[in-house]
1. List, in order, the whole-Hz ³J(HN,Hα) value for each residue of the stretch 288-296 obtained from phi through the Karplus relation with A = 6.51, B = -1.76, C = 1.60 and θ = phi - 60°; use x for Gly and Pro.
2. Residue separation times 0.36 nm, minus the C-alpha to C-alpha distance between residue 184 and residue 67: what's the value?
3. I need to check one value: relative contact order of the stretch 186-341, counting alpha carbon pairs closer than 8 Å and at least 6 residues apart, in percent.
4. Sequence-distant or interchain residues sharing an amide H contact under 5 Å with residue 27, placed H: which?
5. Taking θ = phi - 60°, what integer Hz values does the Karplus form 6.51 cos²θ - 1.76 cosθ + 1.60 yield along the stretch 200-212, in sequence order, with x for Gly and Pro?
6. With θ set to phi - 60°, apply the Karplus curve 6.51 cos²θ - 1.76 cosθ + 1.60 along the stretch 93-103 and write out the HN-Hα couplings as whole Hz, x wherever there is a Gly or Pro.
7. If you average the alpha carbon positions of the stretch 321-335 and of the stretch 120-155, how far apart do those two centres end up, in angstrom?
8. Figure the gain on full extension for residue 97 and residue 286 (residue separation times 0.36 nm, minus the Cα-Cα span) and round it to one decimal in nm.
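Any read-out appearing in this document is the output of simple, stated calculations on the displayed coordinates, not a laboratory observation. Keep in mind that this is a model prediction, so the values were computed, not measured. With ideal geometry, Cβ positions are generated from the backbone for all residues, glycine too; neighbour counts draw on all protein chains shown.
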Amino acid sequence: MKIIVIGAGAWGTALAVNAARNPATHQVVLWARDGAQAEALERTRENARYLPGIPLPRELALRGGDVATLLDAAAQADLIIVATPVAGLRPTLALLQGVRVPLAWLCKGFEPAQDPTAPRPFGLLPHEIARQVAPELPAGVLSGPSFAQEVARGQPTALVAASRSPAVRRAMVEAFHGPTLRVYASDDWVGVEVGGAVKNVLAIATGLADGLNLGLNARAALITRGLAEIARLGVALGAQAETFMGLSGLGDLVLTATGDLSRNRRVGLLLAAGKTTQQAVQSLGHVAEGVYSAHTVLQRAHHLGVDMPITECVVALLDGQLKPVEAVAALMGRDPKGELL
């Protein structure tokens, strides 16, 4: 396969490194944002900013340059991977909308609202962006419980390739399924995207609980009730309920809520230590998607009439309307209800 990965951040680089370890079957190009970045990667054979200490295989081609060159490379590929943040997905898809090659994005989260004054001023999930920008593009999403560093090191990982197109699902599986990376197929890209987006918000809550030393009982309760929130919103958006018991639901939530490499969990830890949201984000040095997605998650939940109390508390925390101990009291003080309601 000829695979081109657009975006040389941590996750894009990790997947490119993984696929390039199979040179007998794959030709992989990692496309950096500009030529200078690509030259630096070529010179050092390391992505020192995002994946320090991970050598780039000599079989991995590193490119960057003008749009015409990118479009030519994309048109000749068997699979295009878009590894930009959510905010960069719309312009990238607009650029590639004329290319009829299977394409998948890696981003998790919601796009910032394009028009805050619109009657429905909320951001969109990646598949909703694709429907607006490039509805004819054969597309899907590759997601699941995964830290880029571990994938790049070749540590065992499982992902889910979701698309309504069987051809796109097959392309993703063929590209990345191997000895250290298992790729499962799904036709529920709505559920896979909701799980990947909302778990970031809930990981902030579990980080907060850990930072306040509330105990393992509290962590388990937050993960379980958080999964219920994800499923309620997902089903309301058209997802399949069973998707949330899989890799992109329960699996991704557990990893992000408990893993020390989780930036969103670290935001919660920093809030528990008395940092403001701005201070917490600045100390990370990288994007924590949950901080930017929380308000949109809550907006969409309200629009659909979906109850998401943990998300409400996270938003109030991020906005400085609640202190950490007040957020805990608000959740514990809610009226009793049936578990499955």
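1. Whole-Hz 3J(HN,Hα) from phi for the stretch 288-296: 10, 4, x, 5, 8, 8, 4, 5, 5.
2. 38.8 nm
3. Values: 225 pairs, mean separation 46.8, N = 156.
Here the relative contact order equals 30 percent.
4. 2, 3
5. 5, 5, 6, 5, 4, 5, 5, x, 4, 4, 5, x, 8
6. Each residue of the stretch 93-103 in turn: 5, 4, 5, 9, 4, x, 8, 9, 10, x, 9 Hz.
7. 33
8. 65.1 nm is the gain from fully extending residue 97 to residue 286.
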